[in-house]
Each structure stands twice: as C-alpha cells, then as structure tokens.
1. So the check is Cβ under 9 Å with 6+ separation or different chains; which pairs have a first residue in the stretch 90-106 that's touching a residue at least 60 places away in the same chain (Cβ under 8 Å) and a second one that's among the aliphatic types (A, V, I, L, M) and surrounded by fewer than 16 Cβ atoms within 10 Å (Cβ to Cβ)?
2. Which members of the stretch 33-54 meet the condition of being surrounded by fewer than 16 Cβ atoms within 10 Å (Cβ to Cβ) and part of a loop (DSSP other than H, G, I, E, B)?
3. Somewhere in the stretch 96-105, is a residue in contact with a Cys (Cβ under 6 Å, 6 or more places away or on another chain) and of a type outside the set (Lys, Arg)?
4. Which one of these is in contact (Cβ under 8 Å) with a residue 60 or more places away in the chain and of a type in the set (A, V, I, L, M): 48, 66?
5. Only one of (1) out of contact with any helix residue (DSSP H, G or I) (no Cβ under 6 Å at 6 or more places or on another chain); (2) over 17 Å from residue 24 (Cα atoms); (3) charged (D, E, K, R); (4) touching a residue at least 40 places away in the same chain (Cβ under 8 Å) fails for residue 117. Which number is that?
6. Take the residues of the stretch 114-140 that are among the β-branched types (Val, Ile, Thr) and more than 15 Å from the chain's Cα centre (by Cα): which is surrounded by the most Cβ atoms within 10 Å (Cβ to Cβ)?
Amino acid sequence: MSYFLPHLTNGWQVDMAILSEEDRVVIIRFGRDWDPQCMIMDETLYEVAEKVKNFAVIYLVDIDQVPDFNTMYELYDACTLMFFYRNKHIMIDLGTGNNNKVNWPIEDSQELIDMIEVVFRGARKGKGLVLSVKDYSTKYKY
C-alpha cells in the first residue's frame, strides 16, 4: 500500500511538508517500503488516510534514500511514525518511555485514528506532549 501514499524523496521535501502545513497534523512514516513491519504500518496508514484527511496528512520517507534525519530523530528502528504540527514535533506519551515516536507497526485502523485525533486536539491547544488513549507499556501483559 505504500504506492498509494505520497513519498518524500529528499530532505528539502520533508522540511517543506512539515513547514507548509498550517491546519493539519503531518504524519511521517520513516522506514523502508520493503520491510515487513513498514508494510503492515503502510496498510493501516492507507486505510485511515481518507478518514483523517481533514485534520492530518500522511507521508512516507525511505530512511536509506533520505538519511538526513536518521541521526536527528534517532531513526534506528525498522518502522517509525512521527507527528508534526505547525513545524513543531508533537510527542505522544504511549507508556513506553519513548515519547518521540511510535516505533512498532499498528495494525488496528481505529487505534491509529484515535492516536491521530489525540495528537491533533492536543497540538491545536498548543501542547507539545499529549497523552495516548491507550497505554502501550508491557506491565499489563505479564
């Protein structure tokens, strides 16, 4: 499904995507199109893209093709999802300790829509850190 979502092919395009959007959340999936985790995430992103188009825009970035942000955003995972609003990185507290990004594939489209809505509402109020609806920590799995 990565072919149906817009790709950003250089650092300038990524910067312009983040800078130019005034009213919507910019969601960028950093990863590789051929990676199985990214394929799962891309499928979910494609499912929600039409539903969230009024308050979010989704882009894909290949970290091998555009290595400019790998060190800055610590893009060491196979698949990373990050949120930006009005040129500001919006962090989300998922209960995992890493508030900067989502670094696992999300398979449930409603779960992702809820996450995007929380980010949008918090960012619109001027918050730099929002609290996720669901706690993703592993403390309840044992």
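The numbers here are math on the coordinates, done by the rules we state, and not lab data. Computed from a predicted structure; not experimentally measured. Note that each Cβ is placed from the backbone with ideal geometry, even for glycine, and that neighbours are counted across all protein chains shown.
1. Filtered contacts from the stretch 90-106: 90/129.
2. 34, 50, 51, 53, 54
3. yes
4. Step by step, each of 48, 66 is checked, and only 48 is in contact (Cβ under 8 Å) with a residue 60 or more places away in the chain and of a type in the set (A, V, I, L, M).
5. That leaves (2) as the condition not met.
6. 133
Residue by residue, here is whether (1) surrounded by 19 or more Cβ atoms within 10 Å (Cβ to Cβ); (2) touching a Leu at 6+ places or on another chain (Cβ under 9 Å); (3) under 18 Å from residue 101 (Cα atoms) holds:
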residue: 5; (1), (2), (3): no, yes, no
residue: 14; (1), (2), (3): yes, yes, yes
residue: 19; (1), (2), (3): no, no, no
residue: 61; (1), (2), (3): yes, yes, yes
residue: 68; (1), (2), (3): no, no, yes
residue: 76; (1), (2), (3): no, no, yes
residue: 80; (1), (2), (3): yes, no, yes
